[in-house]
Each structure stands twice: as C-alpha cells, then as structure tokens.
Protein chains: 2
Amino acid sequence: MLILNNDEIESLISVETSLRFLEKAYSQQAEGRAVYRPRTDLYLPETTRSGVYAFKSMEGGLTDPPVVALRLNSNVIRWEEREGRTIKRKIPQAGSGKWVGLILLFSAETGEPLAIFPDGVIQRWRVAGTSALAARYLARENAATLGIFGSGWQAGAHVPMMCGVRTIKRVRLYSPTKANRERFAEEMERKVRVPVEVVERAEEVADGADILVAATNAITRVIEPQWLRPGVHVTCVKDCELGEETIRRADRLAIHCRRFAPLNYIAGFGDREIEVHDPVDLVQQGSGSVPPLEPPFWVSAPELKDLVAGTIPGRKSDKEITCFINNIGLGLQFAALGAGVYADAKSKGVGREVPTDWFLESVHP
Amino acid sequence: MLILNNDEIESLISVETSLRFLEKAYSQQAEGRAVYRPRTDLYLPETTRSGVYAFKSMEGGLTDPPVVALRLNSNVIRWEEREGRTIKRKIPQAGSGKWVGLILLFSAETGEPLAIFPDGVIQRWRVAGTSALAARYLARENAATLGIFGSGWQAGAHVPMMCGVRTIKRVRLYSPTKANRERFAEEMERKVRVPVEVVERAEEVADGADILVAATNAITRVIEPQWLRPGVHVTCVKDCELGEETIRRADRLAIHCRRFAPLNYIAGFGDREIEVHDPVDLVQQGSGSVPPLEPPFWVSAPELKDLVAGTIPGRKSDKEITCFINNIGLGLQFAALGAGVYADAKSKGVGREVPTDWFLESVHP
C-alpha cells in the first residue's frame, strides 16, 4: 500500500489531468456509473480546550477506474469574528501543530486498500478543478480577465485552474490583509505567468472581470450583487460568499450538487441528523432545538454533471450573467483525483510502500 | 501511529473489559456525551466479476476517553442460496484471498490519528458484547442454559460473552453442517469450560434454554415463535433471524438502535439514499424503482442505551419472554472497544509504530 505526502502529490498533479479526471467522474455520475455518500460531520463539543472537535467524512466510487475514495478530516475547529465577519478556523493541534486530513483509496475490483495520503493538495485542486470545469461550460469563450477574492489555499488553486479553461490575460485580486494579497500576487505571477494586479478595495476586482471567483474563508457575503456586469461568470467555494441577492442576479445558474448541506451529528443533540452547513450556533449553544432548514431557492438548479453530460445547455449568449455555486464537496472528486495521482505515483515509483498485508485480514469481518 | 493485527487484538481483548467499555459508551450515549454517524453502504455493481463491490462505513465518538473511531469495510459481496436460505457471502479477494475491514482511531482532543487495525476481532466482540450487555438487563438472573444457533465467527464470541454476564452451566448448539457444529463445540468447551451439547435438529436447541442466541449468516428466520418458553431471553445478530412472529412473542423488547437500516447509495439509482438492510434485489435488478421502506413494528422499542442508563426497566419477572434485537451496528461500539485495545496495546508495547507524521499535514485542509 502506497503512502504519499503533499509535496509528492503537488509534483504529480497537473491542471490538465485534474480537469480530465474530474470530467470523466462527472460524466460517470450522469450515467449512473459513479456513486457517492454525502458529507457528514460529527461534533464532540467537550473533548478539547482549543475549540470543538469535528470529524468530517465523505466517500465516492467510480466504475472506471474501479476505485473508491474515503476522505476524512479530524479537526479542532474554532469560529472567530474578524473584521466583522465570522470565519471558521481549523486549529492545527496534531503533532507539532499540524492538521489531519486523509484520503484512503481502495480497489473496487478486489477491495484492497491502494493508498493513503493527506488531503490538502488534492482538496484544493478538486475544489478549483470543479469551479474551472463549470466555467468551461458557463464563462464566455473569450473571457480574459479573472477577478479573485481571497489569497489563501483555495484561491491559489483557482488561478491556475481557471487559466486551464480560458486564455486568461490578467488577474485582479483583493484580500483584506495587504501583506497576504501582495505575497499571493507575486506567487501567482510566477505560477501562471500573467500579470496579477492587487486592488485596495474589494469592488475594484469586479471592474472589467469576465470571471469572478470568491475563494475565501468568509462565511458572509464577499461579492455584492451590483458588481455583476452582463457577460460575467461568477463562482464561489461556499454559497454564503455570494448570498441570495448576488445569486439571483444570474441569468443562468448551476450548482455542484443538490444535496447542499452536510449531515451533522452533534453530541448533546441525540441521534438526530441535522442539516446545516456550519452548525456554529448549534454547537456553541449546546443541546436544544434545531431550527428547520429552509432549502435555499437555488437547490433545484441543474448540477455540474448535467452540464458535463450535455443534458442541460451552458452559456447561450455573451450578455448572460452566469453563476456556478460550488456548494459542497463530493467524495467522487477525491476518487477521481486520488486515482489519477495514485496511478501516476505507481508508474513513477513515487512514495513509500508499506505492506498491504497489514491492512488485510484472514477472518471474515 | 500504532498498527495492530487481529492476533494482537485477540491477545489484548477480554470479556470483562469489553463489557465495561461498551457499558460506559452506552451510558455516554444516554447522557448526550457520545455521538455516532449511522452505517452507510455504497454499491458499485459493475467493478468486479466476482460479485458486487460494497464499501461500508460508520463512525462513533466518545467524550471519555476522547476518541473517534471510523470503521470501514471494502468488500466484494455475493448473495447465494444455500439449503433454501439466502446467505450473503463476502468474497476474500484482496491480496492472496483476504478481506478488508479496518478501524481508524483518532484523538478527539488533538485530532491526531492514533491507530489503524483490522476490524475482525473487535467486530465480533462488539456484536457479542452488545448482545451480552442487553442480556445482563433482560435475561433471568439464574439463567444457566445457553442455546445457540450458528457455529461461525459471531457465534464464537457470543458463547464467552454470555458466560460473562450469567453463570452458564451448559450450552446447546445447532448449525446446519455437522462438521462445523462439532468443531465449534470442541472449541467452545475448551474456551468457556462448560459442556457444549450438539443437537441434530434446530428446535432441540430451545429445549430448556434460558438464553437463546441466533448468530448466523442466514437472512431468513432461524428461531421459530413456538420454540420460546416463558422466562426465556432471545437475541439475534440480525432481526431477520427472528422474524416478526418470533419477536411478537416477547413480553419485553429492546433494540440496539432505532436507526434500523443502513443508508445505501447504489450506482445506477441516482443520488438517492436508500434505506434497506440487504439491498440484494435492488443491486441485482439494476436501476429502477425503490420500494418504500415499511418501518418494522419494533422500531419504537427502547434502545440498549435506555436499559444501561436505567431510564427503562429490564426484566420484571421470571415468567417474561424477553427479546433483544441487535439490529444494526454503531460506530461508537468501535470507539469503545478500539480505545480500550489501543490503551492496552500502548501500555504493553504491542504492535508496530509508523511515523504519525506520515498522516499529518502542514497545509490547511
């Protein structure tokens, strides 16, 4: 069984292969040949002094290649107020200040475990790859200016991925902390070799942008409705970065997945399954009543798999405002990219092998 | 991070500690200090020639000790007809004919992965431990004769576990294959040091039995209603081994968990969650309509956690027929026994250590 680290994965993964593997996975999903188990989050509020413990997992399987991926996160979470916004911080508490996110890959032919690796690099490539795949169907063919909000891990993958689906000639960037946005601009210029312009006020990002991306850790609105001009394509890593008014400005809308909220299991709330995206209030207030979840108005929008399969059309005119809500992760993204990375690592001899036999058993489970 | 194998786990686990850890877990569940994510099964019908691929997982977390366990099975399944009964076989296809079932244990204090080990030994001890824990509250205090159906992996743990909660003086045993039942009787006599009598016809097991256990791989009825005498306690590893008529004979009924069916995700059935216990027909027939699930009449029965917490009474008289349906597994059983085995292994220096750092990451996932 193969063990890889994030550096090895970073050296193996590419924009082109990521897009190809993801497209193939969504096309299998549309054909009924892929399957996923939606994300669940399990909360234990009283086990750690640093915050709240949360165990997140999701699964996905493909017929071709025959693999199943389980992705898990074992996190200590803290919700913090920063510059008037609530952000969710994952506190690195493992080992000497690290995080725990893993992908386990299994053969769906023999059942055998194939690989274990950290999720960090694949996590951001799959989010950005999914946004970019949607942009392939929804952004204008001649989109050349990319506007991006955020300068973190997710934003850093969105820039090259968007450059993989459109001929981007300039990037405009805003993020609240000056030092962060300047460091990020330099890093991106090196990476995608197009000029990256840092702006001082958020709304300036939208000026002339053909594609607008919110890839932040904010859980409140980042892109205002009045910033959207005819012809723009707008996307996000969480629907709250757009908010209802911004989303309603779109003439054409698609979402990643109609199962839009994780299923949460919270100690103190009995055996109930609670559908919310960030159960910050519930966890902080302790046991009590759970407000009924109002499905958002966009929940019946077409899914990415429908765009990929061609059962719904993409952009129809240069005037349309289009929007893709990358609303929740799917295990099958990890199966798609995980299988690609695994095959590549095996063929190139990258990673450490541990005896597969350690993870097998000769008693009927 | 610690890696253990089944032999090591077998050497560490005991009837007494298993019962203690399980009892503590159910008591935390009753207090709202434990949490679980119900079992899900993900099916890919076209990835293997030997049967159908199924990925099963469940999770559970405790506040004391602060741990979360993920239990997974990566199986190739075949449903077979044998002696008029449908049985579900897991085909050992991994490596040189082995199975894949794993428990991953995490600290809910730091998030750190603590251990990975195969699930086989713990799997049977937690099923049998749960049945025995229920028998502690429901069987007659003076129960001395144990009748058991089955001679396999599950049956083999039920005999010592039941001996852990009542002073069992004799065991009566039936299983369809003569060679199996004789081998099993010898093995159990050595293990629990009480006489084990093999019978030729199933109904003879019930003669004079104070506790009746079905621990088979049958998915049809094993214990007939007319076999139950006043004062008996009857239990099973799947409700279908008893069937409605046998269960209805009970004066007092408890179940393991009210979430009684796994949530299945089947390729070819869209993104639907399908509640059935063994989706044999659905998987074999391919995509199509899913019959609505009728909740069984016993779904509102008290749960084991209520018995453990004392919020519902156990047996009230020597005449009552009592029944415990060990109807579905819970991740928190794996957290309870996994944490116990892990602590014991660490203190005794058992197992192989691999660098925890392989499973950590320095990028925000």
What is the mean number of Cβ atoms from other protein chains located within 10 Å of the Cβ atom of each residue in peptide A:114-126, rounded to a whole number?
3
Can you tell which of B:E294, B:E303, B:E189 shows the greatest fluctuation in a Gaussian network model of chain B with Cα springs below 10 Å?
B:E294
What span do the alpha-carbon atoms of chain B cover on each of the three principal axes, reported in whole Å from largest to smallest?
63, 51, 42
What total accessible area, in Å², is buried where chains A and B meet, using a 1.4 Å probe and rounding to the nearest 100?
6800 Å²
Give me the distance in nm between label points sitting 7 Å out from Cα along the Cα-to-Cβ direction at A:A202 and A:E83, one decimal.
0.9 nm
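Treating only the Cβ atoms of Lys and Arg (+1) and Asp and Glu (-1) as charged, compute the dipole magnitude of region B:67-195 about its Cα centre; round to the nearest 20 debye.
On the way: 22 positive and 11 negative charges, 110 e Å.
I would put it at about 520 debye.
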Cα-only Debye scattering, region A:120-212: base-10 log of I(q)/I(0) at q = 0.11, 0.13, 0.16, 0.21 Å⁻¹:
-0.26, -0.37, -0.57, -1.00
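Above 52 angstrom, tally the Cα pairs of the protein assembly as shown and express them as a % of all pairs, no decimals. Could the numbers behind the result be given before it?
On the way: 39073 of 266085 pairs.
Above the 52 Å cut-off, the protein assembly as shown has 15 percent of its Cα pairs.
From the mean inverse distance of alpha carbon pairs (Kirkwood) and the Cα radius of gyration, derive Rg over Rh for region A:222-365.
Here the Rg-to-Rh quotient is 1.10.
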Within region B:51-122, GluC sites (Glu not before Pro) in DSSP loop having at most 10 other beta-carbon neighbours inside 10 Å
B:E83
Suppose each label sits 7 Å from its Cα in the direction of the beta carbon; what would the B:R193-A:S96 distance come out to in nanometres?
5.2 nm
Tell me, which longest segment in chain B has none of the trypsin sites (Lys or Arg not before Pro) that fall in DSSP loops with at most 15 further Cβ atoms within 10 Å?
B:50-168
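Inverting the mean 1/r over all pairs of different Cα atoms, compute the Kirkwood radius of region B:1-42 and quote it in Å.
On the way: mean 1/r = 0.0782 Å⁻¹.
Value: 12.8 Å, from the Cα pair sum.
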Pulled fully out, how much extra length does the chain show between B:E31 and B:H364, if you take 0.36 nm times their separation in residues and subtract their Cα-Cα distance?
116.5 nm
In whole percent, what relative contact order does region B:241-286 give with Cα contacts below 8 Å and a gap of six or more residues?
26 percent
At R0 = 30 Å, how high is the FRET efficiency between B:S347 and A:Q284 if r is their beta carbon distance? Nearest 0.05 is fine.
0.25
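Kindly report the accessible area of the protein assembly as shown per residue (heavy atoms of protein chains, probe 1.4 Å, no ligands, DNA or RNA), in Å². Please report the intermediate quantities before stating the final value.
Details: 26150 Å² over 730 residues.
On a per-residue basis, 36 Å².
Over all residues in B:49-59, what is the mean tally of Cβ atoms on other chains that come within 10 Å of each residue's Cβ? Please report the intermediate quantities before stating the final value.
Working: counts 1, 3, 0, 1, 11, 4, 12, 2, 6, 0, 7.
Per residue, the number of nearby Cβ atoms from other chains is 4 on average.
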Given bins 10 angstrom wide, list per bin the percent of all Cα-Cα distances in region A:53-151, short to long.
12, 30, 31, 22, 5, 0
Which ³J(HN,Hα) values in Hz, rounded to whole numbers, follow from the phi angles of region A:200-212 under the Karplus curve 6.51 cos²θ - 1.76 cosθ + 1.60, where θ = phi - 60° and Gly and Pro get x?
8, 10, 3, 5, 5, 4, 6, 4, x, 6, 8, 10, 10
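Show B:E245, A:E141 ordered by accessible area, largest first, where the area counts protein heavy atoms only and the probe is 1.4 Å.
Details: B:E245 115, A:E141 150 Å².
So the residues, ranked largest to smallest area, are A:E141, B:E245.
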At what distance in nm do the modelled label points of B:S50 and A:K169 sit from each other, each positioned 7 Å from its Cα along Cα→Cβ?
5.8 nm
Average partner chain C-beta neighbours within 10 Å, per residue of B:349-356?
2
Which distance in Å, rounded to a whole number, links the C-alpha centroids of region A:1-25 and region A:97-151?
9 Å
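The values are calculated or read from the model by the stated rules, or taken from the named source; none is laboratory data. This structure is a prediction, so every number in the text was calculated from the model and none was measured. Every residue, glycine among them, receives a Cβ derived from its backbone with ideal geometry; neighbour counts consider all protein chains shown. The accessibility values were calculated without ligands, DNA or RNA, using every heavy atom of the protein model including side chains. Shrake-Rupley method; radii C 1.70, N 1.55, O 1.52, S 1.80 Å.
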